[in-house]
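**Q** For reference, the structure I am asking about is given below.
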Amino acid sequence: MQPTPTPTATVRPTQTYSVAGTINGFPAEGRLVLAMLEEALITLAFDCRDHVPQLAALAKRFADRQPDLADLCLIRMSELHPRHSVITVDREDFRVYRRNKREAIPLICPPDA
C-alpha cells in the first residue's frame, strides 16, 4: 500500500462505520481511529446534508449495485477532490463506480489475496 498524506479526509458514514466496527471487534484499532481524530490526522471533510441532490442522483445511477451511503459520499468526494484517491477494500464496487458520470475513480486498495 502507498503511504497517505496527512491529514486524511473522510466522510461521516465511513468514519462512523470504521470506529463502530473496530471498537466492537478490535478495541485497540477503535482507540487508534479515535486518537487519529483527536490528533487531526483524520478530518471530517464532507457533510452529506450539503450534497443530497447529488447523492440521490448517484444512488439512482448505481442502483443495480445498491451502494450504501458511505459509498455514495466517497464517490461524491472524489468528484469534489479529483486529485485524491479513494482508500477502500471494496475494490469490486469502486471499479464500477464512476465520478462525473464517466471517469474512473483512482483507488488505493490492499493487495489481492
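**Q** Name the one entry in Ala59, Ala113, Ala70 that is at pLDDT below 90, in contact with a Pro (Cβ under 7 Å, 6 or more places away or on another chain) and among the aliphatic types (A, V, I, L, M).
**A** After applying the criteria, what remains is Ala70.
**Q** Additional query: I want to confirm something. Restricting to segment 42-64 and keeping residues that are touching a residue at least 24 places away in the same chain (Cβ under 8 Å) and loosely packed, with under 14 Cβ neighbours inside 10 Å, which single residue is nearest to Ile108 (Cα to Cα)?
**A** That would be Leu44.
**Q** What number of residues in segment 71-84 are of a type outside the set (Ser, Thr, Tyr), over 16 Å from Thr43 (Cβ atoms) and within 11 Å of the chain's Cα centre (by Cα)?
**A** Going through segment 71-84 one residue at a time, the tally reaches 4.
**Q** Restricting attention to segment 51-101, which residues are part of a helix (DSSP H, G or I), out of contact with any helix residue (DSSP H, G or I) (no Cβ under 6 Å at 6 or more places or on another chain) and under 19 Å from Asp112 (Cβ atoms)?
**A** Within segment 51-101, Arg91, Glu92, Phe94 qualify.
**Q** A follow-up question, please. Within the bounds of segment 24-46, is there any residue that is in contact with an Asp or Glu (Cβ under 9 Å, 6 or more places away or on another chain) and at pLDDT below 95?
**A** no
The values are calculated or read from the model by the stated rules, or taken from the named source; none is laboratory data. Because the structure is a prediction, the values reported are computed rather than measured. Cβ: placed from backbone, ideal geometry, glycine included. Neighbour counts: every protein chain shown.
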